[in-house]
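The values are calculated or read from the model by the stated rules, or taken from the named source; none is laboratory data. The structure presented is a predicted model; accordingly, all values stated were derived computationally and were not measured. Here the Cβ positions follow ideal geometry from the backbone for every residue, glycine too, while neighbour counts run over all protein chains shown.
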Amino acid sequence: MTHHDCAHCSSDACATEMLNLAEANSIETAWHRYEKQQPQCGFGSAGLCCRICLKGPCRIDPFGEGPKYGVCGADRDTIVARHLVRMIAAGTAAHSEHGRHIALAMQHISQGELHDYSIRDEAKLYAIAKTLGVATEGRGLLAIVGDLAAITLGDFQNQDYDKPCAWLAASLTPRRVKRLGDLGLLPHNIDASVAQTMSRTHVGCDADPTNLILGGLRVAMADLDGSMLATELSDALFGTPQPVVSAANLGVMKRGAVNIAVNGHNPMLSDIICDVAADLRDEAIAAGAAEGINIIGICCTGHEVMMRHGVPLATNYLSQELPILTGALEAMVVDVQCIMPSLPRIAECFHTQIITTDKHNKISGATHVPFDEHKAVETAKTIIRMAIAAFGRRDPNRVAIPAFKQKSIVGFSAEAVVAALAKVNADDPLKPLVDNVVNGNIQGIVLFVGCNTTKVQQDSAYVDLAKSLAKRNVLVLATGCAAGAFAKAGLMTSEATTQYAGEGLKGVLSAIGTAAGLGGPLPLVMHMGSCVDNSRAVALATALANKLGVDLSDLPLVASAPECMSEKALAIGSWAVTIGLPTHVGSVPPVIGSQIVTKLVTETAKDLVGGYFIVDTDPKSAGDKLYAAIQERRAGLGL
Amino acid sequence: MPPIKENVIIYANPDHCLSCHSCELACAVAHSGGHDMIEAIAANLPLHARNKVVSVDGTAMPMQCRQCEDAPCTFACPTGACRQADGQVQIVEQHCIGCKLCVMVCPFGAITVRSETVVEQGACTNRGVAKKCDLCVDWRASTGKTAPACVEACPTKAIRMVDLDAYRIALREARAREIAKSHRHMRVQF
Ligand code: SF4
Ligand code: SF4
Ligand code: SF4
Ligand code: SF4
């Protein structure tokens with residue numbers, strides 16, 4: 001391994017400490033691999049490399065001296081558009097497959113199967129039934145669950161192209177449903193939307209960049225549908241998150257415990273692991289771990305269990321290899337999405353077991369323990385026992401757990417936010433929020449979403465942007481690895497509100513926090529969950545828009561993904577645009593090779609759907625642009 | 001004494017290089033003895049690029065031997081394998097012993113010592129010899145191409161083989177055009 005100075009790889013002190021350790025031990029991490037990938041191909045970065053058929057790859061010379069067309073005749077605009085919408089479809093497939101998993105579990109529960117699961121939040125179940133128009137009067141719980149599962153699975157099965165997906169139609173503002181319906185942007189079926197995107201981008205199909213991008217927005221809306229149903233049904237199944245005090249960063253690992261990290265996205269197994277860990281505590285103690293079992297979270301599985309069980313968060317996406325380097329991680333249990341294939345290679349240097357659990361997501365070098373919902377508790381126990389066995393192989397001399405962690409108040413589901421507001425005004429909970437937006441104490445709302453990327457100093461863009469917007473009285477919401485960044489940086493605390501919020505925002509957060517019995521202001525950044533949970537923010541925004549009698553595109557609400565990298569993030573960004581939000585991305589998507597596509601997503605979209613992309617790699621100017629977009633919306637509302 | 005013509009070089013325009021590595025691939029294939037990349041990979045032929053696209057300060061710079069006129073590698077070579085010949089700096093592989101002195105003195109990091117055959121463990125020799133950009137003389141002779149493989153492969157024409165005479169003429173003409181234009185407006189008596 002070549003020497004690699006990682007002093008500025010991450011703004012997270014624990015990550016930096018572990019990266020120095022990696023350097024000293026010649027262990028290669030994502031940052032080393034990124035270095036080795038330099039220079040990265042300019043054609044790919046610009047979106048000008050087409051690999052759609054075997055006549056390719058074809059590349060268009062952005063400088064105009066070389067080829068202008070692929071072998072089939074596709075020009076730069078067609079090539080860029082096709083590849084972009086394929087990425088959006090892949091993101092949609094990922095979120096929605098997660099949703100299908102949850103929906104099928106609900107169906108099986110309604111059929112009397114899956115005895116390790118139950119409906120933990122009946123109130124939420126009834127609320128969903130009301131939204132989807134399922135009768136509840138005098139009916140048994142399982143019958144309702146069955147109907148909800150059937151309607152949800154209908155969003156994967158409906159063949160009537162003009163009938164929109166049930167969840168979207170029932171959840172968005174009426175105006176948005178109408179506007180998108182008129183534009184043909186409401187998907188009728190999640191699976192069909194993904195399949196149709198693959199089909200229209202096959203060689204010799206859709207070549208019109210505008211038509212392709214509209215198709216991309218349609219499939220992105222299917223991503224929102226899939227995310228929404230995944231989140232809402234998970235709440236019924238596992239409980240709707242409520243504010244809970246937890247902690248974040250590698251200091252949450254315990255020298256005296258069997259440390260088990262859950263990594264990935266789907267709560268189906270990780271939630272059960274949290275439940276049964278207590279049962280196996282004595283076995284861990286008998287194996288020499290005086291502090292028992294310590295479950296810690298990584299990436300979005302981490303957020304699922306952090307929100308619902310208060311399980312501390314070890315780290316977010318880009319630094320997921322680093323908990324292994326503490327020498328104190330017995331096992332990392334992974335499910336789906338954003339799991340680095342390098343994990344087993346790093347674990348090889350330690351005693352750590354990498355355990356894959358999903359039959360569609362295996363990694364060579366890892367141990368595969370197939371997860372079956374019918375035997376969830378049994379699977380969870382097997383895995384925990386593997387971790388306990390690994391504890392015996394731990395080398396105490398190599399244990400190096402960073403001493404740093406941050407307190408984090410998390411669990412702000414839309415319901416939790418409304419409940420907190422209800423403490424201020426029980427009859428009309430949204431009124432305090434509306435009043436403060438109107439009087440300017442809150443200028444607007446920003447939702448931070450997305451990942452980490454080696455192209456940005458880890459977490460730094462999130463922290464810089466959030467501080468700069470909060471100072472200007474913008475309410476900050478976050479999900480996914482954005483939320484991980486804020487938790488690690490200590491911005492999910494009352495202290496952060498006192499330190500960084502502008503006066504107006506500080507006043508509002510203090511009033512609500514005190515009324516809600518938090519003993520201080522609400523945290524500066526409200527943790528709304530994993531990346532599939534962005535629909536929570538949409539639910540809150542929709543409630544706000546409906547109360548004001550306006551559309552989502554009228555609200556002073558913006559989204560930002562300053563460190564995005566995954567196809568899911570592109571899908572999220574694209575539906576955020578489609579529901580009307582000015583949406584910032586801080587790592588440049590592969591569209592710059594086509595001026596037409598770039599213009600479509602950054603300008604034309606605004607006329608069409610109200611939302612548009614803001615591409616800016618500089619957090620400072622991006623903050624100014626987001627604030628300006630908020631002001632434009634306020635002016636539109638006459639504020 | 002008749003003047004010695006300068007060696008031709010590969011000129012690279014960093015502003016046009018997209019770091020696609022096509023030139024590296026092409027170089028490796030051209031020196032592999034195979035016809036194309038797929039064939040070379042399938043036949044397990046040695047694929048070593050003699051050029052390297054280097055990323056610095058956000059720019060990609062294709063690097064290879066500059067065919068120096070007072071080449072340190074030729075002075076350092078104890079066997080005379082590395083020498084000026086036929087308008088370029090050549091390494092006669094049969095004479096090279098792989099001592100790497102040329103590698104160490106080349107200011108551009110242009111030379112790598114590599115073996116092209118699989119050598120048994122414990123054999124007396126690694127069979128490594130020095131490799132650097134040879135302007136594709138053999139490849140051009142066998143394929144009838146005029147430009148080296150990397151230049152052929154570059155999709156943005158960021159690299160070119162440059163004859164310094166032609167380069168100078170082009171430079172002079174360009175500047176002459178500008179100066180002539182300016183001087184037309186100068187009416188100074190002195
Ligand atoms: S689809 Fe067209 S542009 Fe793409 S690889 Fe095939 S021939 Fe080339
Ligand atoms: S490696 Fe070969 S070319 Fe280089 S100095 Fe030694 S003998 Fe000469
Ligand atoms: S190998 Fe290096 S020293 Fe030798 S001629 Fe080329 S650039 Fe000059
Ligand atoms: S082919 Fe051209 S653009 Fe590609 S790496 Fe070589 S010099 Fe750079």
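Taken over segment B:144-154, the criterion of being in contact with a helix residue (DSSP H, G or I) (Cβ under 6 Å, 6 or more places away or on another chain) and buried (at least 21 other Cβ atoms within 10 Å of the Cβ) is satisfied by B:Ala149, B:Cys150, B:Cys154.
Taken residue by residue, segment A:51-71 has no member that is at pLDDT 95 or above and at positive phi. For B:Val119, the test of being away from ligand 1 (no atom under 16 Å from the Cβ), over 18 Å from the mean Cα position of the chain (by Cα) and surrounded by fewer than 16 Cβ atoms within 10 Å (Cβ to Cβ) is passed.
A Cβ distance below 6 Å, combined with a sequence gap of six or more or placement on separate chains, defines the contacts here; from segment B:138-154, residues that are without any contact (Cβ under 8 Å) to a residue 40 or more places away in the chain reach residues that are more than 16 Å from ligand 1 (Cβ to nearest atom) in the pairs B:Ala147/B:Met161.
Quick check, is A:Val437 hydrophobic (A, V, I, L, M, F, W, C) and modelled with pLDDT of 95 or more? Full working, then the answer.
Values: hydrophobic (A, V, I, L, M, F, W, C): yes; modelled with pLDDT of 95 or more: yes.
Yes.
Find the strands (runs of 3 or more DSSP E) located wholly in segment B:95-165 whose residues include 1 or more that are within 14 Å of chain A (Cβ to nearest Cβ) and either away from ligand 4 (no atom under 16 Å from the Cβ) or not aromatic (Phe, Trp, Tyr) (or both), and list them. Give the derivation first.
Details: elements: B:112-114, B:129-131, B:159-162.
Ranges flagged: B:159-162.
When restricted to residues that are under 24 Å from the mean Cα position of the chain (by Cα), charged (D, E, K, R) and buried (at least 23 other Cβ atoms within 10 Å of the Cβ), segment A:324-379 contains 1. Could you list, in sequence order, all residues of segment B:69-91 that are free of Cβ contacts under 8 Å to residues at least 12 places away in the same chain and more than 9 Å from ligand 3 (Cβ to nearest atom)? Matches in segment B:69-91: B:Arg83, B:Ala85.
Does segment A:522-529 contain at least one residue that is farther than 12 Å from A:Leu477 by Cβ and either touching a Leu at 6+ places or on another chain (Cβ under 9 Å) or not in a helix (DSSP H, G or I) (or both)? Show your work before the answer.
If we filter segment A:522-529 for residues that are farther than 12 Å from A:Leu477 by Cβ, which is where we start, we get none.
No - not one qualifying residue is present in segment A:522-529.
Considering (1) within 16 Å of ligand 4 (Cβ to nearest atom); (2) in contact with a Pro (Cβ under 6 Å, 6 or more places away or on another chain); (3) away from every other protein chain (no Cβ under 14 Å), the lone condition that B:Arg50 does not fulfil carries the number (2).
Name the single residue that is nearest to ligand 2 (Cβ to nearest atom) among those in segment B:40-63 being touching a Leu at 6+ places or on another chain (Cβ under 9 Å) and part of a loop (DSSP other than H, G, I, E, B). Checking each candidate, the answer is B:Ala49. Of everything in segment A:48-79, what is within 16 Å of ligand 4 (Cβ to nearest atom) and within 29 Å of the chain's Cα centre (by Cα)? Give them in sequence order. The answer is A:Leu48, A:Cys49.
Looking at segment A:21-36, can you tell me whether even one residue there is of a type in the set (A, V, I, L, M, F, W, C) and either surrounded by fewer than 15 Cβ atoms within 10 Å (Cβ to Cβ) or within 14 Å of chain B (Cβ to nearest Cβ) (or both)? Yes, there is a match, as at least one residue in segment A:21-36 is of a type in the set (A, V, I, L, M, F, W, C) and either surrounded by fewer than 15 Cβ atoms within 10 Å (Cβ to Cβ) or within 14 Å of chain B (Cβ to nearest Cβ) (or both).
Answer yes or no: is there a residue in segment A:48-59 that is buried (at least 20 other Cβ atoms within 10 Å of the Cβ) and either more than 23 Å from B:Val53 (Cβ to Cβ) or more than 14 Å from every other protein chain (Cβ to nearest Cβ) (or both). Checked segment A:48-59: at least one residue is buried (at least 20 other Cβ atoms within 10 Å of the Cβ) and either more than 23 Å from B:Val53 (Cβ to Cβ) or more than 14 Å from every other protein chain (Cβ to nearest Cβ) (or both).
Within the bounds of segment B:6-14, is there any residue that is free of Cβ contacts under 8 Å to residues at least 60 places away in the same chain and more than 16 Å from ligand 1 (Cβ to nearest atom)? If you could, list the steps in order and put the result at the bottom.
Applying the first criterion (free of Cβ contacts under 8 Å to residues at least 60 places away in the same chain) to segment B:6-14 yields none.
No.
Picking from A:Gly484, A:Gly490, which residue would you name as being within 25 Å of A:Thr16 (Cβ to Cβ), in a loop (DSSP other than H, G, I, E, B) and in contact (Cβ under 8 Å) with a residue 12 or more places away in the chain? That would be A:Gly490, the only listed residue that is within 25 Å of A:Thr16 (Cβ to Cβ), in a loop (DSSP other than H, G, I, E, B) and in contact (Cβ under 8 Å) with a residue 12 or more places away in the chain. Listed here are the strands (runs of 3 or more DSSP E) enclosed by segment A:544-625 that have at least 3 residues being of a type in the set (A, V, I, L, M, F, W, C): A:557-561, A:612-615. Of all residues assigned to segment B:84-93, none qualifies as being in contact with a helix residue (DSSP H, G or I) (Cβ under 6 Å, 6 or more places away or on another chain), more than 14 Å from ligand 4 (Cβ to nearest atom) and part of a loop (DSSP other than H, G, I, E, B).
Picking from residues in segment B:7-27 that are surrounded by fewer than 21 Cβ atoms within 10 Å (Cβ to Cβ) and aliphatic (A, V, I, L, M), the one that is nearest to ligand 3 (Cβ to nearest atom) is B:Ile9. Taking into account only those residues within segment B:142-172 that are among the aliphatic types (A, V, I, L, M) and under 23 Å from A:Gly64 (Cβ atoms), which is farthest from ligand 2 (Cβ to nearest atom)? Filtering first and then ranking leaves B:Ala170. Is there a residue in segment B:8-28 that is part of a loop (DSSP other than H, G, I, E, B) and more than 14 Å from every other protein chain (Cβ to nearest Cβ)? Yes, segment B:8-28 contains a residue that is part of a loop (DSSP other than H, G, I, E, B) and more than 14 Å from every other protein chain (Cβ to nearest Cβ). Within segment A:303-322, the presence of a residue that is more than 24 Å from the chain's Cα centre (by Cα) and not in a strand (DSSP E or B) is excluded. For B:Ser32, indicate whether it is within 16 Å of ligand 1 (Cβ to nearest atom) and either within 30 Å of B:Thr117 (Cβ to Cβ) or within 14 Å of the chain's Cα centre (by Cα) (or both). Here the answer is no, as B:Ser32 does not meet what is asked. From the list B:Leu135, B:Leu171, the lone residue that is without any contact (Cβ under 8 Å) to a residue 60 or more places away in the chain, under 28 Å from A:Asp61 (Cα atoms) and aliphatic (A, V, I, L, M) is B:Leu171.
Determine whether segment B:20-39 contains at least one residue that is closer than 22 Å to B:Val162 by Cβ and touching a Phe, Trp or Tyr at 6+ places or on another chain (Cβ under 6 Å). Within segment B:20-39, one or more residues are closer than 22 Å to B:Val162 by Cβ and touching a Phe, Trp or Tyr at 6+ places or on another chain (Cβ under 6 Å). Residues in segment A:30-73 that are part of a helix (DSSP H, G or I) and either assigned by the TED database to the domain that holds A:Gln595 or under 30 Å from A:Leu325 (Cα atoms) (or both): A:Ala30, A:Trp31, A:His32, A:Arg33, A:Tyr34, A:Glu35, A:Lys36.
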